[in-house]
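The values are calculated or read from the model by the stated rules, or taken from the named source; none is laboratory data. None of the values given here were measured: they were computed from a predicted structure. Counting neighbours? That spans all protein chains shown, and the Cβs are built from the backbone with ideal geometry, glycine included. Side chains included, ligands, DNA and RNA excluded: accessible areas come from the protein's heavy atoms. Shrake-Rupley method; radii C 1.70, N 1.55, O 1.52, S 1.80 Å.
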Amino acid sequence: MKILFCLLSIILFSHQSYANHAGLKFGDIIWQFLVPDNPGTTLQDRQVRSLKQIPDVTGDGINDVIIATGNYWTICVNGATGTIVWQFSTHFGSINTGSVEWEDAMDISDLNNDGIYDVVIGCGGGNEMVYALNGATGVVMWSYGNSTTTNDGDIESVSIKYDFNNDGIKDVLISASGVTGGSGGRHAAICLNAVNGQQIFFSTQSQPFTDDAIATESGVAIGANNNGTPYAVNGLNSSGSLVWTFTAPGNVWSLKEIPDINGNGLKDILGLSGFNTSLYAISGNTGSAVWTATLGSSNNGKIQLLNDANANGSIDFSLSAPQVAYRIDSKTGLVLWSNSLSSSYIRGIDNIGDITGDMIDDIVIATQQPARLLVLNGATGGILFEHVFGLTINQRGDRAAVLKDIDTNGVNEFLGGNREGKVILFYGGNGTVTNITHNSSIHEKFNLYQNYPNPFNPSTNISFDLPLSSYVTLKIFDILGKEVTTLVSSDLNAGSHTFMFESKGLTSGVYFYQLQTKTETRTMKMLLTK
């Protein structure tokens, strides 16, 4: 009923009345969104590739959400209701078709100083274009690239941080890679006028492929490689000319500019490379190494900046990519804490801000297997919240993001997106939360709640509380008692859990869901209407 109250209140009341909600608790689901099929294609890869908030574009006082997907959508979702505001497809036919391939190949900025933030996306595959989309409508403001070719190289990143042409508006920096098999394609750092998409500079890199790129105080930092070694981070000035080169230990997955850590008064750069979590801090104006570290097996990922937990005057950071969660000091590269999470790769990460009231940024992450969204205590790395997307690799957690405090209580909400195309907004709480290992004191009883919505079509949420960690099965049966599917069959931690049931292939009628542990069994009825 708490979830029902939350959802109805969001839909029926204004932003002011939303701030007066009662009964919500940390981790309650506010809304769920499922990426729709794209009618232009039979390839329905609904994976959430990029997930970011955008300052309010609907005028309701609540920030909204931008989702880029594997089935060629860029979608703006209302942050209050989870409904579509607009959607833009990059499927234009057999030639000019491709999706946003990289998490940071999407960035958000006010491109024309009209007070409305806009969206810039860079695509890969057969559509190697850049599109600037009006944040309120999704209409193309300008585009960059050749729509009749497929060998220009994928757009690896989009970075909108600095004004290169001194017109008072931050410009668009892109990393345009090469193509497999040689030095073809653009393999360049390209700076575009944010207002009209015209080239400010086009800086071809000597390496045939590019990686992540960021605009910096000194100009540009871009990862580059030769489809193998040698790997590099190239530093360019504000005109695109090469100034320095840092030899990187592998493909440059992520670059972030950070406040000065080497004492020269200029901003510096953090880098993440390779499949062994190679980390490095380099001087922003010379590319000289400040420190390097290696943390072990990883996938690709990104660096997430945090505040200064150990009060040494330099910010901290965490990252997606490895199989272990870390908080690391940017000045020294030393690990402040780690949590193995008993999982495979971390695929998504964001800074949720302080939700525990200790003035230290906390962290939301998405893991591959088990397919979960977790909130970690920024001071200790302990798990504060867990949501299980499912049990298979096809349900893996892919992205984590934050939505600015929607009920003005000073605590941000958080989002998770997965391989199936589910995006879920969770309530951030009131600033006082309890570590999940103590949740038995909150959930003293075994509870199975009425599904919501009910009746439902095509999907519904089933929530339950566990007083203790337990092996759990959650099964769906039809009116004749025939098992339809098993949603859960695994060990779960104590606390609240929610799973989505999709009715694809089922007919209208009464169904039952049964939750079972070693000591308890509960069954409830739900109604599917088509």
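What the table shows:
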{"read-out": "In sequence order, calculated HN-Hα J values of region 152-165 (Karplus, 6.51, -1.76, 1.60; Hz; x Gly/Pro)", "value": "8, x, 5, 7, 8, 7, 10, 10, 10, 9, 9, 8, 7, 9"}
{"read-out": "Amide hydrogen neighbours beyond the local backbone of residue 306, cut-off 5 Å, H modeled", "value": "316, 317, 318"}
{"read-out": "Residue 471 - accessible surface, heavy atoms, 1.4 Å probe, Å² rounded to 10", "value": "90 Å²"}
{"read-out": "Pairwise label distance in nanometres, residue 275 with residue 520, each label 7 Å out on the Cα-Cβ vector", "value": "4.3 nm"}
{"read-out": "The chain, accessible surface, carbon-and-sulfur percent (1.4 angstrom probe)", "value": "50 percent"}
{"read-out": "Sequence-separation-based contact order of the chain, relative, with Cα cut under 8 Å and 6+ spacing, percent", "value": "9 percent"}
{"read-out": "Neighbourhood net charge (11 Å Cβ-Cβ; Lys/Arg +1, Asp/Glu -1) for residue 124", "value": "-4"}
{"read-out": "Pair residue 391, residue 227: separation of 7 Å Cα→Cβ label points (nm)", "value": "4.3 nm"}
{"read-out": "Label-zone membership for region 361-395, site residue 340, 7 angstrom Cα→C-beta point, backbone N under 11 Å", "value": "none"}
{"read-out": "Restraint check, 256/404; 25/525; 302/445; 422/475; 404/504; 25/161, Cα-Cα greater than 31 Å", "value": "302/445; 404/504; 25/161"}
{"read-out": "Folded to 0 to 90 degrees: helix 2-12 orientation relative to the chain principal axis, Cα", "value": "60 degrees"}
{"read-out": "For region 293-383, accessible area per residue (1.4 Å probe, heavy atoms of protein chains only), Å²", "value": "31 Å²"}
{"read-out": "Segment residue 430-residue 243, extension gain: residue separation times 0.36 nm, minus the distance between their alpha carbons", "value": "62.5 nm"}
{"read-out": "Cβ-Cβ FRET estimate between residue 507 and residue 359, R0 fixed at 60 Å, reported to 0.05", "value": "0.65"}
{"read-out": "Placed amide H near residue 71: partners under 5 Å, 5+ positions off or other chain", "value": "45, 47"}
{"read-out": "Label point at residue 312 placed 7 Å out along Cα→Cβ; residues across region 322-336 whose backbone nitrogen lies under 11 Å", "value": "328-336"}
{"read-out": "Within the chain, helix-based [θ] at 222 nm, where runs of 4 or more DSSP H residues each add -39,500 (n - 2.57), nearest 500", "value": "-500 deg cm²/dmol"}
